[in-house]
1. Scan (1) assigned by TED's automatic domain parsing to the domain that holds B:Leu402; (2) at pLDDT 95 or above; (3) part of a loop (DSSP other than H, G, I, E, B) for the single condition B:Gly50 breaks and write down its number.
2. I need a count of the residues in the range A:223-244 that are under 17 Å from A:Leu211 (Cα atoms), in a helix (DSSP H, G or I) and of a type in the set (A, V, I, L, M, F, W, C).
3. Would you be able to say whether some residue in the range A:272-287 is within 14 Å of chain B (Cβ to nearest Cβ) and either among the polar types (S, T, N, Q) or under 21 Å from the mean Cα position of the chain (by Cα) (or both)?
4. Among residues belonging to the range B:66-103 that are farther than 12 Å from B:Leu15 by Cβ and among the aliphatic types (A, V, I, L, M), point out the one that is modelled with the lowest pLDDT.
5. Taking strands (runs of 3 or more DSSP E) that fall entirely within the range B:82-189, which contain at least 2 residues that are away from chain A (no Cβ under 11 Å), more than 16 Å from B:Tyr53 (Cα to Cα) and open to solvent by less than 20 Å² (accessible area, probe 1.4 Å)?
6. For the range B:190-216, which positions are under 21 Å from A:Met325 (Cβ atoms), of a type outside the set (Val, Ile, Thr) and part of a loop (DSSP other than H, G, I, E, B)?
7. When B:Val56 is evaluated against the numbered criteria (1) within 26 Å of A:His213 (Cα to Cα); (2) touching a strand residue (DSSP E or B) at 6+ places or on another chain (Cβ under 6 Å), which criterion, by number, is the only one it fails?
8. Residue under question is A:Val390, and the condition is that it be within 14 Å of chain B (Cβ to nearest Cβ), surrounded by 15 or more Cβ atoms within 10 Å (Cβ to Cβ), more than 30 Å from A:Pro159 (Cα to Cα) and among the β-branched types (Val, Ile, Thr); does it hold?
2 protein chains.
Amino acid sequence: MASENGTEAVTSTALLTDHYELTMLSSALADGTADRPCVFEVFARRLPDGRRYGVVAGTARVLDAIADFKFTDAEIGQLESTAVVDAETLEWLANYSFGGDIEGYPEGELYFPNSPILTVTGGFAEAVVLETLVLSILNHDSAIASAAARMSSAAHGRPIIEMGGRRTHEWAAVAAARASYLAGFATTSNLEAGRRYGIPTRGTVAHAFMLLHASEEEAFRAQIAKMGPDTTLLVDTYDISTGIDTAVRVAGKELGAIRIDSGDVGVLARQAREQLDSLGARDTRIVVSGDLDEHAIAALRAEPVDAYGVGTSVVTGSGAPTAGMVYKLVEVDGRPVAKRSAQKISRGGRKAAIRRHKSTGTAVEEVIYTVDGPVPDSDEYDRALQIPLVRAGQTVDDLPTLDDARARLRRALVSLPWEGLKLSHGEPAIPTLFL
Amino acid sequence: MASENGTEAVTSTALLTDHYELTMLSSALADGTADRPCVFEVFARRLPDGRRYGVVAGTARVLDAIADFKFTDAEIGQLESTAVVDAETLEWLANYSFGGDIEGYPEGELYFPNSPILTVTGGFAEAVVLETLVLSILNHDSAIASAAARMSSAAHGRPIIEMGGRRTHEWAAVAAARASYLAGFATTSNLEAGRRYGIPTRGTVAHAFMLLHASEEEAFRAQIAKMGPDTTLLVDTYDISTGIDTAVRVAGKELGAIRIDSGDVGVLARQAREQLDSLGARDTRIVVSGDLDEHAIAALRAEPVDAYGVGTSVVTGSGAPTAGMVYKLVEVDGRPVAKRSAQKISRGGRKAAIRRHKSTGTAVEEVIYTVDGPVPDSDEYDRALQIPLVRAGQTVDDLPTLDDARARLRRALVSLPWEGLKLSHGEPAIPTLFL
């Protein structure tokens, strides 16, 4: 079993790809259409049910993954042995390197139905083979960031730690930590996210540490001996009230925080605050966790909670685990193209977008227009939404950082009409206008 | 941005771990409790809302990931530079290698609330640090397999291709393809799953290939020239009826299949079947895709559909994207331990399980018992559910393969009472009895 499922080190992203991308390619190479100039566009036909906005995340990961999209001997050998494509196609793949252009919404930007989130320009073949990888990353990361932004917004400035790694695929966990941080979370429990993205990591102990010891007091003493009194003690292994008494007795009034991970955390937080205050531990913070989502966080706004730990709900997109973005061919040889069946209507042509704002800075509408058609009127309050990301295959310099994305999202959320920040189901915060 | 998010090749799984696992460890090393003999147990307190059964998947990936759980210089350097733990702990981690025992339900086995899916025995420290990684893998893979099994069951023998890679994290996609195949899917679109797990991959073309060409006919001709008439032509880019006419005209009556990816696929499949038959293409298969889940598949049972393509719903666990399993300390120094707060009750003690069956082979109940207590009566129809997986740190030989897991699940599903295969919300298919 171990060899069958061996986790050999894979440094290429090229096989994180649907079979049909390569068979399409082989047909296109054979009939001479492979190099036709094409434009592909990533967009979401709609937001997840009832959501008011989406948050773009994953773009930086996309650019890295494209740079690593190489068919080395290992990938070519696999495709050859399984006869996925013919020798001509294999040769083309062995020489593959994306040489086109990409522009898109920067990370941390809001998006709405049909926003042109990413535009890939190049020959048909070089652009089509990126479809699966681009969508995997954007659909995952944007789903997480979109959920996390609602939670950050509901937390109203109180810090949130992302601790959901155990509830999702082990590598999705790392990307989820990044997307949550982008969307305003303060820290993560995920150590690989700390290494890879420089996100601050946090953690103290689990219930297992409490149970390992003969008594709660013994466990608290061991933790404080190692971590000092400014640590967070987990007080709900047995009786919470007794736990808090013991915690303050052992740590003193300078105890950093207590964590409550179960029960009606609102009621428990209020009781805990009173108890801590009565014990003189007025600066001891209260951290709550345990199946919190944006609605639970909002419901706790009036309670004396100092920080939230969020797991399952954020890494699963809080009911919307994928963003539903598609990668559609919109232009061939300068001509707009689109699927025209009765079932799904798409709009052809390469597009760009601006977001209009009132003079107060409040967003009014997303205006999408065909680049080859009339350009919308715009004033000083409007903002073009796409930025260049790749030019002739090279990632452009000085792209926004992860911290830039955090700042961008904070500004963008402030610009939404107030209804747009409501957690309840409703229409997108601003309408999309096709020019 | 590219360097900030660099995708260096990581061969160790050690940082796919929550910060608190290592801070717990450091406290345990300091106070002398790190080597206490412990037993940790993985179980789900409940099934996802309304589900009748869960399917164990990911165990083989867990064993591989544990083998790769090594703190090399790179991991130690990261932990040192971010001051996560002290020098004593870093030294312990640098020498880490799991040396304990693991048993568990084999992949493809069904599980129910509280089934002891995995049991990890070892010193506290060596076992606790595996928590995050073990749960990430089992929670993800079992969620996908549990959803996929419902779809396979609803498909009633018709093949399903997994094609959801673009709707989930790029590496989760590979694991999702494996879990779906384990649960009875026939093939996947994911090329990396083909390489890594030997799963057959399939694919032909997307709508982009149709739009690349000046006409549907030109696209069909290009595809058939390359792939032969036994390919699958995508007939819903423009008008489906015209598409089918053109397809048969170009490919002849030996056309392999048509695919319909949009619209009311039941109605469209019936019309397509009539049309194909009237054109003499009686052996041409009909493949449908487009937002199918287990309910849509079941609703198509009476329609002339030959194969299903399933994407979003399977990779997101069809409404239950995580299995909700936990990794709990149940025994220390041979004594049962458990959280005893009013909010969450856990059962201490190392456990095992048998599944009782009627003489007809129908499953009756899951019996969970403490290994140190009385052993349940059992007869020839009962079946012990755990198998040895790791002994003294070494993965045991001849573990079940992925194909074995497929076969095991097929047998297990047949053993369920008929209500257990219903797709509607309800109670678990069999009750869990604690002895």
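The values are calculated or read from the model by the stated rules, or taken from the named source; none is laboratory data. Because the structure is predicted, anything quoted here is derived from the model rather than measured. In this analysis, Cβ positions are derived from the backbone assuming ideal geometry, glycine residues included, and neighbour counts consider all displayed protein chains. Areas reflect the complete protein model, heavy atoms only, side chains present, ligands, DNA and RNA absent. Shrake-Rupley method; radii C 1.70, N 1.55, O 1.52, S 1.80 Å.
1. Looking at each condition in turn, B:Gly50 falls short on (2).
2. Residues that pass the stated criteria total 3.
3. The initial filter retains those residues of the range A:272-287 that are within 14 Å of chain B (Cβ to nearest Cβ), namely A:272, A:287.
Checking which are either among the polar types (S, T, N, Q) or under 21 Å from the mean Cα position of the chain (by Cα) (or both) leaves us with none.
There is no residue in the range A:272-287 that is within 14 Å of chain B (Cβ to nearest Cβ) and either among the polar types (S, T, N, Q) or under 21 Å from the mean Cα position of the chain (by Cα) (or both).
4. First, the residues of the range B:66-103 that are farther than 12 Å from B:Leu15 by Cβ: B:66-67, B:73, B:80-81, B:83, B:85-92, B:94-103.
After this cut, where a residue has to be among the aliphatic types (A, V, I, L, M) as well, the list is B:66-67, B:83, B:85, B:87, B:90, B:94, B:102.
Working: B:Ile66: 98, B:Ala67: 96, B:Ala83: 91, B:Val85: 95, B:Ala87: 97, B:Leu90: 98, B:Ala94: 98, B:Ile102: 98.
Among them, the one singled out is B:Ala83.
5. B:101-104, B:118-123
6. B:Gly203, B:Ala206
7. Among (1) within 26 Å of A:His213 (Cα to Cα); (2) touching a strand residue (DSSP E or B) at 6+ places or on another chain (Cβ under 6 Å), B:Val56 violates only (1).
8. Working: within 14 Å of chain B (Cβ to nearest Cβ): yes; surrounded by 15 or more Cβ atoms within 10 Å (Cβ to Cβ): yes; more than 30 Å from A:Pro159 (Cα to Cα): yes; among the β-branched types (Val, Ile, Thr): yes.
For A:Val390, the condition - within 14 Å of chain B (Cβ to nearest Cβ), surrounded by 15 or more Cβ atoms within 10 Å (Cβ to Cβ), more than 30 Å from A:Pro159 (Cα to Cα) and among the β-branched types (Val, Ile, Thr) - is met.
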